[in-house]
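Engineer: Here it is, the structure in full.
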Amino acid sequence: MKVSYYPGCTLKTKAKNLDDAAVASMAALGIELEELPRWNCCGAVHSLADDDLIHQVAPVRDLIRVKEQGRDKVLTLCSMCYNSLARANLLMRDDEEKRETINLFMDEEMDYAGEVEVVHFLNFLKDEIGWDKLRDQVKVPLNGLKVAPYYGCTLQRPRDVAIEPPGRFELMTQFLEALGATAVHFPAADLCCGSYQILGNPDAAKDAAATILEWAEKAGAEALVLSCPLCEFNLGKKQGALFEEEKIMKMIPTFYITQLLAIALGLNPQVCHFELNDQASVLLLKSKGYPIEFERDAA
Amino acid sequence: MPIKISPKTVDKKFLEKLERLSGQKVHQCFQCGTCGGSCPMGEHMEALPRKIIHMAQLGMAEEIEKLNTCWVCAACHSCNVRCPRGVDLPRVMEAIRLMTLRKNNNYIEPSELPAETVKECPQIALVASFRKLTS
Amino acid sequence: MPETAATESAEQRAPKIATGDRAILPEGARTIPIYVMGKKYDVPETLTIMKAMEFAGFKFIRGAGCRGGICGACPTVYRKAGDYKLHFGLACQTVVEPNMYLTQIPFYPANRTSYDIEEIEPTAESIHALYPELFRCVACNNCTKACPMDVEVLDYISALKQGDIEEAARLSFDCIQCGLCASRCMGELPQYHIAQLARRLYGKYVAPRAEHLRKRVEDIESGKYDNILKQLLEMDKAELERRYGEREREPDLAPPGEWKPKEIQYL
């Protein structure tokens with residue numbers, strides 16, 4: 001089964017771990033993720049001004065690429081890309097006047113009216129494969145791994161594009177449990193990590209990130225699992241700085257959903273590109289004694 | 001701190017523009033404060049979202065533009081899903097930002113970011129911050 | 001007396017089109033109106049924009065170069081009367097049309113950062129750090145629409161955001177640095193300077209090296225050919241002529257790699 005796939009700019013470089021693990025895991029589950037040809041940056045955030053149409057053009061162009069492929073669905077991983085594409089899609093579907101104007105402006109492309117569905121990886125897993133079938137495919141159950149599912153803002157807000165009702169964390173929980181891990185709930189699962197303010201007001205962003213990590217630790221989590229490269233940057237890569245500035249007392253490894261999926265499916269750890277994570281992530285997995293050869297060469 | 005409010009101090013043009021850009025009726029807000037309570041960046045704001053909306057209702061354009069609230073906002077939409085009156089607060093914040101940005105002012109300068117920062121930041125952070133904080 | 005084909009004079013046989021090399025046009029040559037900086041001029045219809053403007057009396061001291069469509073000096077923006085649409089082209093290549101409204105863009109101020117190609121790291125992140133405005137691109141596609149060389153500008157900018165230097169170098173190959181893309185860019189990017197950097201990094205650091213060239217240079221530097229060059233330089237003219245006449249040459253249709261000369265000591 002082939003599915004159109006929109007990776008987003010960050011997944012091609014800094015979040016290669018999220019991308020490669022996704023493609024390999026899906027292949028192991030019998031699904032080929034076909035990257036869209038000629039895709040462009042989706043814009044990362046949805047423009048919130050009523051008169052601003054030019055900032056909708058970037059995500060709409062990507063949706064047109066899906067339509068050009070003759071597909072009616074596009075899978076995406078990066079939470080920000082998901083949010084940006086989904087909201088642009090709704091705009092094209094619901095607002096006739098804006099749709100006409102945007103189509104008129106993009107006269108070099110075919111017209112688009114919201115024919116494509118934007119699907120996040122977790123919903124795709126649940127609907128196309130199902131948690132039971134996923135459980136059957138697990139070769140390395142992640143028993144004893146206490147993971148806090150972290151959603152961030154863009155997966156559940158605003159309501160009209162939420163992957164599940166805001167405040168419910170069933171998707172990631174069921175996902176983790178299907179892999180054999182223990183999902184640790186904590187109140188900050190959908191608290192903002194600071195997002196782009198890491199560039200605009202870094203102190204504010206760091207405080208937001210520190211709050212989340214503290215809550216996760218208090219709840220007894222050994223690790224955090226995420227779906228967004230910016231969350232991973234604010235909560236993962238910046239943890240060293242947070243620890244040094246004494247904003248957090250303990251460091252917690254972070255994983256991407258697809259990394260845990262790939263490991264649980266028994267795939268070669270190389271596809272997870274753990275060199276892009278903090279070393280603590282690998283050490284945690286090693287400490288659990290799972291039958292994984294971490295130093296295996298890519299065969 | 002007493003502030004004088006009169007028909008003369010209410011900036012109607014500002015209010016009209018704000019409502020047009022955001023598509024929101026700020027007078028629907030009844031000042032419950034849930035937005036400020038939910039805001040993850042609230043600690044770093046000079047005035048919480050609730051206060052900004054109140055100022056908007058009173059047409060206090062100058063005072064709003066002096067505060068850093070809209071610039072610290074991370075567009076996380078926590079306020080949006082919790083507002084009991086359905087006021088889309090992120091859109092109001094965006095409108096306030098745009099009123100400054102569209103006069104060709106940037107809040108952050110791309111060319112002044114240190115090279116190391118640009119190299120290590122995920123692309124989505126750069127794209128998002130340039131879209132929200134530059135003109 | 002009625003004229004027939006047999007009695008047609010030489011004058012009547014001469015072409016009625018203007019070729020732009022004469023100020024006084026042949027009788028019957030058609031002219032069309034164009035507007036340069038808002039003022040109307042009647043110019044022969046067969047000319048390019050550049051020649052038409054020169055016919056009208058303008059002298060180019062800026063914005064003219066190779067006149068062959070490759071140097072990028074003469075980017076032109078034009079409209080046609082009654083239509084809002086903007087068109088873009090090179091003045092030396094685009095033929096005039098009736099009621100064109102023209103303007104030249106000899107130089108558009110596009111940011112160019114300075115860097116040392118020897119010191120720079122050949123990664124996409126280097127390009128990102130030198131041109132952070134790259135991330136201001138909103139994918140409006142104005143750049144691609146403006147390009148007179150049909151370069152897929154949006155696609156190569158996208159490729160660079162995604163970190164793919166090779167793809168950007170490949171896609172931007174035909175760029176002549178005319179500057180029309182930068183002039184239309186909402187995000188204030190200098191697309192062609194960014195592409196130039198990508199191509200330089202690709203050529204210097206990323207593209208695979210030609211092994212056979214490297215080996216040949218090594219041979220030369222080791223002095224392998226010094227002896228025969230010395231012999232040739234010391235030969236007299238008669239001897240050179242004799243050797244030249246008797247030289248061995250690979251037959252034109254010989255299958256590659258099969259023919260070898262009889263004299264192999266110099267190979």
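Engineer: I need every pair where a residue in the stretch C:127-147 that is of a type in the set (Ser, Thr, Tyr) has its Cβ under 7 Å from the Cβ of a residue that is open to solvent by less than 20 Å² (accessible area, probe 1.4 Å), sequence separation at least 6 or different chains.
Structural biologist: The qualifying pairs are C:TYR131/C:ILE194; C:THR144/C:VAL153; C:THR144/C:LEU154.
Engineer: Here is a follow-up. For the stretch A:269-289, what are the residues that are touching a helix residue (DSSP H, G or I) at 6+ places or on another chain (Cβ under 9 Å), open to solvent by 30 Å² or more (accessible area, probe 1.4 Å), at negative phi and in contact (Cβ under 8 Å) with a residue 40 or more places away in the chain? Spell out how you get there, then give the answer.
Structural biologist: Residues of the stretch A:269-289 touching a helix residue (DSSP H, G or I) at 6+ places or on another chain (Cβ under 9 Å): A:269-278, A:280-282, A:285.
Then drop every residue that is not open to solvent by 30 Å² or more (accessible area, probe 1.4 Å), which leaves A:270-271, A:273, A:275-276, A:278, A:280.
If we keep only those that are at negative phi too, we end up with A:270-271, A:275-276, A:278, A:280.
Passing the criteria: A:VAL271, A:LEU276, A:ASP278.
Engineer: Just to confirm my filter: which helices (runs of 4 or more DSSP H) fall fully inside the stretch A:201-266 and include at least 3 residues that are open to solvent by 10 Å² or more (accessible area, probe 1.4 Å)?
Structural biologist: It comes to A:202-218, A:239-244.
Engineer: Please go through the stretch A:15-49 and pick out each residue that is out of contact with any helix residue (DSSP H, G or I) (no Cβ under 6 Å at 6 or more places or on another chain) and within 12 Å of chain B (Cβ to nearest Cβ).
Structural biologist: Listed by number, the list holds a single entry, A:LYS16.
Engineer: Please verify whether the stretch B:88-108 includes one or more residues that are open to solvent by 30 Å² or more (accessible area, probe 1.4 Å), under 28 Å from B:SER38 (Cβ atoms), away from chain A (no Cβ under 11 Å) and of a type in the set (S, T, N, Q).
Structural biologist: Yes, some residue in the stretch B:88-108 is open to solvent by 30 Å² or more (accessible area, probe 1.4 Å), under 28 Å from B:SER38 (Cβ atoms), away from chain A (no Cβ under 11 Å) and of a type in the set (S, T, N, Q).
Engineer: If you don't mind, there's one more thing I want to ask. Within the stretch A:109-119, how many residues turn out to be of a type in the set (Val, Ile, Thr) and not in a loop (DSSP other than H, G, I, E, B)?
Structural biologist: 2
Engineer: Now for a separate question. Out of B:VAL26, B:VAL10, which single residue is touching a helix residue (DSSP H, G or I) at 6+ places or on another chain (Cβ under 7 Å), in contact (Cβ under 8 Å) with a residue 40 or more places away in the chain and either aliphatic (A, V, I, L, M) or exposed (fewer than 13 other Cβ atoms within 10 Å of the Cβ) (or both)?
Structural biologist: Details: B:VAL10 fails: touching a helix residue (DSSP H, G or I) at 6+ places or on another chain (Cβ under 7 Å).
Step by step, each of B:VAL26, B:VAL10 is checked, and only B:VAL26 is touching a helix residue (DSSP H, G or I) at 6+ places or on another chain (Cβ under 7 Å), in contact (Cβ under 8 Å) with a residue 40 or more places away in the chain and either aliphatic (A, V, I, L, M) or exposed (fewer than 13 other Cβ atoms within 10 Å of the Cβ) (or both).
Engineer: Follow-up question, since we're still on this one. Give the residue that is most open to solvent (accessible area, probe 1.4 Å), with candidates limited to residues of the stretch C:206-224 that are of a type in the set (A, V, I, L, M) and outside any helix (DSSP H, G or I). Outline the logic, then answer.
Structural biologist: Residues of the stretch C:206-224 of a type in the set (A, V, I, L, M): C:206-207, C:210, C:213, C:217, C:220.
Next, from what is left, pick out any that are outside any helix (DSSP H, G or I): C:207, C:210.
Details: C:ALA207: 22, C:ALA210: 45 Å².
Among those residues, the one meeting the criterion is C:ALA210.
Engineer: Could you grab the pairs with beta carbons closer than 7 Å, sequence gap of 6+ or different chains, first residue in the stretch A:148-168 and without any contact (Cβ under 8 Å) to a residue 24 or more places away in the chain and basic (Lys, Arg), second one open to solvent by 10 Å² or more (accessible area, probe 1.4 Å) and part of a loop (DSSP other than H, G, I, E, B)?
Structural biologist: So the pair list comes out as A:ARG159/A:PRO166.
Engineer: Cβ-Cβ under 9 Å, sequence separation 6+ or interchain: first residue in the stretch A:28-43 and closer than 28 Å to A:PRO269 by Cβ and modelled with pLDDT of 95 or more, partner among the hydroxyl-bearing types (Ser, Thr, Tyr) and surrounded by fewer than 21 Cβ atoms within 10 Å (Cβ to Cβ). Which pairs?
Structural biologist: Close Cβ pairs satisfying both conditions: none exist.
Engineer: Oh, and also: Please work out if C:PRO15 is of a type outside the set (A, V, I, L, M, F, W, C), open to solvent by 80 Å² or more (accessible area, probe 1.4 Å) and modelled with pLDDT under 95.
Structural biologist: Details: of a type outside the set (A, V, I, L, M, F, W, C): yes; open to solvent by 80 Å² or more (accessible area, probe 1.4 Å): yes; modelled with pLDDT under 95: yes.
Considered against the rule, which asks whether it is of a type outside the set (A, V, I, L, M, F, W, C), open to solvent by 80 Å² or more (accessible area, probe 1.4 Å) and modelled with pLDDT under 95, C:PRO15 comes out as yes.
Engineer: Also, I was wondering about something else. Could you tell me which residue of the stretch C:26-37 is most open to solvent (accessible area, probe 1.4 Å), considering only residues that are in a loop (DSSP other than H, G, I, E, B) and either over 20 Å from C:CYS92 (Cα atoms) or in contact with a helix residue (DSSP H, G or I) (Cβ under 7 Å, 6 or more places away or on another chain) (or both)?
Structural biologist: Pass one, the stretch C:26-37, residues in a loop (DSSP other than H, G, I, E, B): C:26-30, C:37.
Next, only the ones that are either over 20 Å from C:CYS92 (Cα atoms) or in contact with a helix residue (DSSP H, G or I) (Cβ under 7 Å, 6 or more places away or on another chain) (or both) stay: C:26-30.
Working: C:PRO26: 44, C:GLU27: 168, C:GLY28: 60, C:ALA29: 21, C:ARG30: 149 Å².
Per the criteria, the residue is C:GLU27.
Engineer: Hey, another quick one. So, of the residues in the stretch B:31-81 that are open to solvent by 50 Å² or more (accessible area, probe 1.4 Å) and within 9 Å of chain A (Cβ to nearest Cβ), which turns out to be nearest to A:ASP190 (Cα to Cα)?
Structural biologist: Within the stretch B:31-81, the first condition is being open to solvent by 50 Å² or more (accessible area, probe 1.4 Å), and the residues that meet it are B:32, B:34, B:37, B:43-44, B:46, B:48, B:50-51, B:54, B:58, B:62-63, B:65-66.
Now restrict to residues that are within 9 Å of chain A (Cβ to nearest Cβ): B:43-44.
Details: B:GLU43: 18, B:HIS44: 19 Å.
So, considering only residues that are open to solvent by 50 Å² or more (accessible area, probe 1.4 Å) and within 9 Å of chain A (Cβ to nearest Cβ), the one nearest to A:ASP190 (Cα to Cα) is B:GLU43.
Engineer: Among the candidates C:PHE88, C:PHE58, C:PHE107, single out the residue that is assigned to a loop (DSSP other than H, G, I, E, B), aromatic (Phe, Trp, Tyr) and open to solvent by less than 70 Å² (accessible area, probe 1.4 Å).
Structural biologist: Values: C:PHE88 fails: assigned to a loop (DSSP other than H, G, I, E, B); C:PHE107 fails: open to solvent by less than 70 Å² (accessible area, probe 1.4 Å).
Exactly one of C:PHE88, C:PHE58, C:PHE107 is assigned to a loop (DSSP other than H, G, I, E, B), aromatic (Phe, Trp, Tyr) and open to solvent by less than 70 Å² (accessible area, probe 1.4 Å), namely C:PHE58.
Engineer: Looking at A:LEU122 and the list (1) facing chain B (nearest Cβ under 9 Å); (2) in contact (Cβ under 8 Å) with a residue 12 or more places away in the chain; (3) assigned to a helix (DSSP H, G or I), which single condition is not satisfied?
Structural biologist: Looking at each condition in turn, A:LEU122 falls short on (1).
Engineer: Moving on. Considering only the stretch B:13-23, how many residues are loosely packed, with under 14 Cβ neighbours inside 10 Å and within 11 Å of chain A (Cβ to nearest Cβ)? Let's see the steps before the verdict.
Structural biologist: At the first step, the residues of the stretch B:13-23 found to be loosely packed, with under 14 Cβ neighbours inside 10 Å are B:13, B:16, B:20.
Those still in the list that are within 11 Å of chain A (Cβ to nearest Cβ) too: B:20.
Matching residues across the stretch B:13-23 total 1.
Engineer: Here's another thing I want to ask about it. Which pairs have Cβ atoms under 6 Å, sit 6 or more apart or on different chains, and link a residue in the stretch C:197-218 that is without any contact (Cβ under 8 Å) to a residue 12 or more places away in the chain to one that is open to solvent by 70 Å² or more (accessible area, probe 1.4 Å)?
Structural biologist: none
Engineer: Between residues in the stretch C:155-181 that are of a type in the set (Asp, Glu) and residues that are surrounded by 21 or more Cβ atoms within 10 Å (Cβ to Cβ) and part of a loop (DSSP other than H, G, I, E, B), which pairs lie under 9 Å by C-beta distance while being six or more apart or on different chains?
Structural biologist: Qualifying pairs under 9 Å: C:ASP155/A:ASN40; C:ASP174/C:CYS147; C:ASP174/C:VAL151.
Engineer: Moving on to the next point. Could you please find all residues in the stretch B:126-135 being facing chain A (nearest Cβ under 7 Å) and over 14 Å from A:CYS42 (Cβ atoms)?
Structural biologist: B:SER129, B:LYS132, B:LEU133
Engineer: In the stretch C:233-267, how many residues are hydrophobic (A, V, I, L, M, F, W, C) and part of a loop (DSSP other than H, G, I, E, B)? Outline the logic, then answer.
Structural biologist: Of the stretch C:233-267, the ones hydrophobic (A, V, I, L, M, F, W, C) are C:233, C:235, C:238, C:240, C:253-254, C:259, C:264, C:267.
Right, trim to part of a loop (DSSP other than H, G, I, E, B) and you get C:235, C:253-254, C:259, C:264, C:267.
Of the residues in that region, 6 qualify.
Results for (1) in contact with a Lys or Arg (Cβ under 6 Å, 6 or more places away or on another chain); (2) open to solvent by 30 Å² or more (accessible area, probe 1.4 Å); (3) within 25 Å of A:ASP107 (Cα to Cα), shown as yes or no for each residue.
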residue: C:THR103; (1), (2), (3): no, yes, yes
residue: C:ALA129; (1), (2), (3): yes, no, no
residue: C:ALA139; (1), (2), (3): yes, no, yes
residue: C:ASP150; (1), (2), (3): no, yes, yes
residue: C:LEU154; (1), (2), (3): no, no, yes
residue: C:ALA159; (1), (2), (3): no, no, yes
residue: C:GLN196; (1), (2), (3): no, yes, no
residue: C:ARG200; (1), (2), (3): no, yes, no
residue: C:GLY203; (1), (2), (3): no, yes, no
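The values are calculated or read from the model by the stated rules, or taken from the named source; none is laboratory data. Predicted model only: the values in this text are computed from it and were never measured. Using ideal geometry, Cβ is built from the backbone for each residue, glycine included, and neighbour counts are taken over all protein chains shown. For the accessible areas, the whole protein counts, side chains as well, though only heavy atoms, and no ligand, DNA or RNA atoms are used. Shrake-Rupley method; radii C 1.70, N 1.55, O 1.52, S 1.80 Å.
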